[in-house]
1. Residues of segment 17-29 being at pLDDT 90 or above and assigned to a helix (DSSP H, G or I), which ones?
2. Kindly indicate the residue of segment 30-57 that is surrounded by 12 or more Cβ atoms within 10 Å (Cβ to Cβ) and over 18 Å from Gly78 (Cβ atoms) and also modelled with the lowest pLDDT among those meeting that condition.
Amino acid sequence: LKYAFIHRNRQAWPISVQCRVLQASITGYHEHFVRRASAAQRHHLSDDALLVHIKVIHAETRGGYGWPRTWKELLARGIRVGKER
């Protein structure tokens, strides 16, 4: 809650002043938004959506790819799979 307030008012007052007044750490403020940004970048597909992508690759290659090449093609298209999901 403090970090959201600081973020909203960062144009009005310096972040360092707000953190001091609200007894929040500047490092904590910045880490909070780094964590939020990285969480927003993670895009998790449902199993059904992943299956659609696999079927598209299968159709495009006329069934010529096995699972290793299909996996690599998914990664090349920016689709996270497996442990990365």
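1. Val17, Gln18, Cys19, Arg20, Val21, Leu22
2. Within segment 30-57, the match that is modelled with the lowest pLDDT is Arg36.
The values are calculated or read from the model by the stated rules, or taken from the named source; none is laboratory data. Remember, it's a predicted structure, so these values are computed and weren't measured experimentally. Here the Cβ is made from the backbone with ideal geometry for all residues, glycine too, and neighbour counts use every protein chain on show.
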